[in-house]
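Asker: Got a structure for you, questions after.
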Amino acid sequence: MAIIDLVRWTPDGDQTIYAYRFPETNLSTYTQLIVQESQEAILFSKGQIVGKFGPGKHTLNTENLPILRSLYGLPFGKKNPFTAEVWFVNKLQPYNIDWSVNRMDIHDADYNTGIPLVARGRYGLKIINAERFLIKIVGARTSFDQKDLTDQFLGEFTTKTKSAIVQFMMSNKIGLKQISAHLDSISNHLRTTMLPFWENIGFDLKK
């Protein structure tokens, strides 16, 4: 098969795409890799990460990828073919993920009764660990977008969000009449509680 001379990813204006796998894997030590300012590129070969590249133009030679010498026995300074998957990760800006909890039963101290509440909000996410993100959640896909993230984790982070809100309101004895005055505190508590969940899969939680 033909050897690829140039590897790059230019999104078609769809900023909800978190990661994209370049469709070809037949590379060489003369292949040029172009990484845009908003991206990080990670190469996988033989089941392991062989290189990570930030913005700029890079040659995929043994100087930039010394591990190729041991993986493929490639000599230094010559044009040699090898195979690798190239993943581009979009790290430009936060992505907004809407969430909603359809019902929470809160004991209201003012009325001394249980009151059903509905909560809605938005998480602002940004990829900070591309390696962890790719390994933990992208898997065998060819791309990963906002819908994939929502579909995969909606149930889990909605349950955790509901639990955090109920716990905060109960421990601080916040009743129905005080909710508006505590929205910032609830939001900050949610960030503190949910941050480890998102960091575990490579994201930072903005709000």
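The values are calculated or read from the model by the stated rules, or taken from the named source; none is laboratory data. Because the structure is predicted, anything quoted here is derived from the model rather than measured. Heads up, the Cβs are rebuilt from the backbone with ideal geometry, glycines too, and the neighbour counts pull from every protein chain shown.
Asker: Can you tell which of Phe153, Phe157 is among the hydrophobic types (A, V, I, L, M, F, W, C), under 12 Å from the mean Cα position of the chain (by Cα) and more than 20 Å from Ile42 (Cα to Cα)?
Answerer: Working: Phe157 fails: under 12 Å from the mean Cα position of the chain (by Cα).
Going through Phe153, Phe157 in turn, the sole match is Phe153.
Asker: I'd like the full set of residues that are among the hydroxyl-bearing types (Ser, Thr, Tyr), surrounded by fewer than 17 Cβ atoms within 10 Å (Cβ to Cβ) and within 21 Å of the chain's Cα centre (by Cα), limited to segment 10-66.
Answerer: Scanning segment 10-66 gives Thr10, Thr16, Ser38.
Asker: Return yes when Asn102 is in the same structural domain as Ser180 (by TED's automatic domain parsing) and on the phi > 0 side of the Ramachandran plot and no when it is not.
Answerer: Details: in the same structural domain as Ser180 (by TED's automatic domain parsing): yes; on the phi > 0 side of the Ramachandran plot: no.
So Asn102 fails the test.
Asker: Which one of the conditions (1) out of contact with any helix residue (DSSP H, G or I) (no Cβ under 9 Å at 6 or more places or on another chain); (2) small (Gly, Ala, Ser); (3) at pLDDT 85 or above; (4) exposed (fewer than 14 other Cβ atoms within 10 Å of the Cβ) does Ser100 fail to meet, given that it meets all the rest?
Answerer: Going through (1) out of contact with any helix residue (DSSP H, G or I) (no Cβ under 9 Å at 6 or more places or on another chain); (2) small (Gly, Ala, Ser); (3) at pLDDT 85 or above; (4) exposed (fewer than 14 other Cβ atoms within 10 Å of the Cβ) one by one, Ser100 breaks only (1).
Asker: Out of the strands (runs of 3 or more DSSP E) lying entirely within segment 103-207, which hold 3 or more residues that are at pLDDT below 90 and loosely packed, with under 12 Cβ neighbours inside 10 Å? Reasoning before the result, please.
Answerer: On the way: elements: 113-127, 143-145, 203-205.
In segment 103-207, 113-127 are the strands (runs of 3 or more DSSP E) which contain 3 or more residues that are at pLDDT below 90 and loosely packed, with under 12 Cβ neighbours inside 10 Å.
Asker: What number goes with the only condition from (1) surrounded by 12 or more Cβ atoms within 10 Å (Cβ to Cβ); (2) outside any loop (DSSP other than H, G, I, E, B); (3) within 26 Å of the chain's Cα centre (by Cα) that Leu92 does not pass?
Answerer: (2)
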